[in-house]
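One structure is given below, encoded as structure tokens.
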Amino acid sequence: MNYLVLVIVALAGIALGMYLARRGKGDLISEQSEKKAENKKKILEFVQANGKIQNNGIKKE
């Protein structure tokens, strides 16, 4: 009987942990998407201003 209770508690803990991990992950994904869009915009502006792109130029900006 004790093993059954232990298994049920463990499964409930895993399910709760997965739920909480997914819930917090949405905010992180949206922040990353915004940052990517911002970086793409900066790169496009750099290319328009300089006509070409090189790794050294991007690292400096």
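Every number here is computed from the coordinates shown, using simple stated rules; none is lab data. Bear in mind that the values here come from a model prediction, so they are computed numbers and not experimental data.
Any chance you could run the full-extension gain for Val47 through Val5? It's 0.36 nm times the residue separation minus the Cα-Cα distance, nm to one decimal. Write out the running numbers ahead of the final one.
On the way: separation 42, 0.36 × 42 = 15.12 nm, distance 6.23 nm.
Extending this stretch completely gives an extra 8.9 nm.
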- With x for Gly and Pro, the residue-by-residue ³J(HN,Hα) of the stretch 31-46, computed from phi through the Karplus equation 6.51 cos²θ - 1.76 cosθ + 1.60 at θ = phi - 60° and given in whole Hz, is 5, 5, 5, 5, 5, 4, 4, 5, 5, 4, 4, 4, 5, 4, 5, 4
- Query: Which length gain, in nm to one decimal place, applies between Ala15 and Asn56 when the Cα-Cα distance is subtracted from 0.36 nm times their residue separation?
  - Reply: 10.1 nm
